[in-house]
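Below is one structure, written out as structure tokens, with a few remarks after it.
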Amino acid sequence: MAAGAYGAALVAILINRLADGLDGAVARRTGVSDLGGYLDIVCDFLFYAAVVFGFVLAAPENRLPGAFLLFAFIGTGSSFLAFAALAARRGIETRARGAKSLYYLGGLTEGTETIALFAAVCLFPAAFGPLAWIFGAACWLTTLARVLEAKRLLRPPPA
């Protein structure tokens with residue numbers, strides 16, 4: 001991608017996401033593990049950042065919208081992971097998104113939406129800037145919604 005090979009980047013993104021989906025299917029059949037869940041999340045966030053970084057390297061005009069999108073990904077990632085850690089400590093669980101190793105607090109911008117963004121900007125690289133600003137704003141809405149949901153779910157029990 002940094003070399004402007006957006007078609008090849010799209011193929012790599014789709015292969016990555018296929019592998020990510022397959023590892024989840026295998027885990028559900030063979031047993032979900034804490035290490036597997038940990039590695040899945042770490043690799044997902046590094047992958048998301050790497051795609052944005054590739055667009056930033058590909059064109060100088062992508063620097064500011066790319067930085068904003070990475071900033072927004074920090075909001076979605078931290079609001080997701082911090083809640084998952086506290087939910088585990090409190091024994092809060094859900095199966096709303098299937099069997100997972102972490103509590104998945106949903107949002108407007110999740111994996112499917114992020115991959116749709118990445119596919120769109122690979123197909124239309126000149127749209128990276130505007131789409132990064134829009135998607136970054138949607139990420140901040142996700143972060144806000146998660147903070148409000150965490151506030152509701154993590155309140156101390158009434159005395």
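Residue check: is Leu39 of a type in the set (A, V, I, L, M, F, W, C) and either free of Cβ contacts under 8 Å to residues at least 40 places away in the same chain or touching a Cys at 6+ places or on another chain (Cβ under 9 Å) (or both)?
Here the answer is yes, as Leu39 does meet what is asked.
A count restricted to segment 75-94 and to residues that are more than 14 Å from Leu144 (Cβ to Cβ) and either in contact with an Asp or Glu (Cβ under 6 Å, 6 or more places away or on another chain) or not small (Gly, Ala, Ser) (or both) stands at 7.
Among the residues of segment 35-78, which ones are closer than 17 Å to Gly21 by Cα and not aliphatic (A, V, I, L, M)?
Of segment 35-78, the ones closer than 17 Å to Gly21 by Cα are 35-48.
Selection gives Gly36, Gly37, Tyr38, Asp40, Cys43, Asp44, Phe45, Phe47, Tyr48.
For segment 23-46, does any single residue satisfy the condition of being touching a helix residue (DSSP H, G or I) at 6+ places or on another chain (Cβ under 6 Å), buried (at least 18 other Cβ atoms within 10 Å of the Cβ) and closer than 20 Å to Glu113 by Cβ? No, the conditions are met nowhere in segment 23-46. Would you check if there is a residue in segment 140-147 being touching a Leu at 6+ places or on another chain (Cβ under 6 Å), farther than 28 Å from Ala19 by Cα, at pLDDT 95 or above and of a type outside the set (Phe, Trp, Tyr)? There is at least one residue in segment 140-147 that is touching a Leu at 6+ places or on another chain (Cβ under 6 Å), farther than 28 Å from Ala19 by Cα, at pLDDT 95 or above and of a type outside the set (Phe, Trp, Tyr).
Out of all the residues in segment 10-22, which are touching a helix residue (DSSP H, G or I) at 6+ places or on another chain (Cβ under 8 Å) and either at pLDDT 85 or above or at positive phi (or both)?
First, pick out the residues of segment 10-22 that are touching a helix residue (DSSP H, G or I) at 6+ places or on another chain (Cβ under 8 Å): 10, 13-14, 16-17, 20.
Across segment 10-22, the qualifying residues are Leu10, Ile13, Leu14, Asn16, Arg17.
Within segment 35-58, identify whether any single residue is among the acidic types (Asp, Glu) and more than 14 Å from the chain's Cα centre (by Cα), and answer yes or no.
Taking segment 35-58 as the starting set, the residues that turn out to be among the acidic types (Asp, Glu) are 40, 44.
Now narrow it down to the ones that are more than 14 Å from the chain's Cα centre (by Cα): none.
Within segment 35-58, not a single residue is among the acidic types (Asp, Glu) and more than 14 Å from the chain's Cα centre (by Cα).
The values are calculated or read from the model by the stated rules, or taken from the named source; none is laboratory data. Computed from a predicted structure; not experimentally measured. Neighbour counts run over all protein chains shown; Cβ positions are idealised from the backbone, glycine included.
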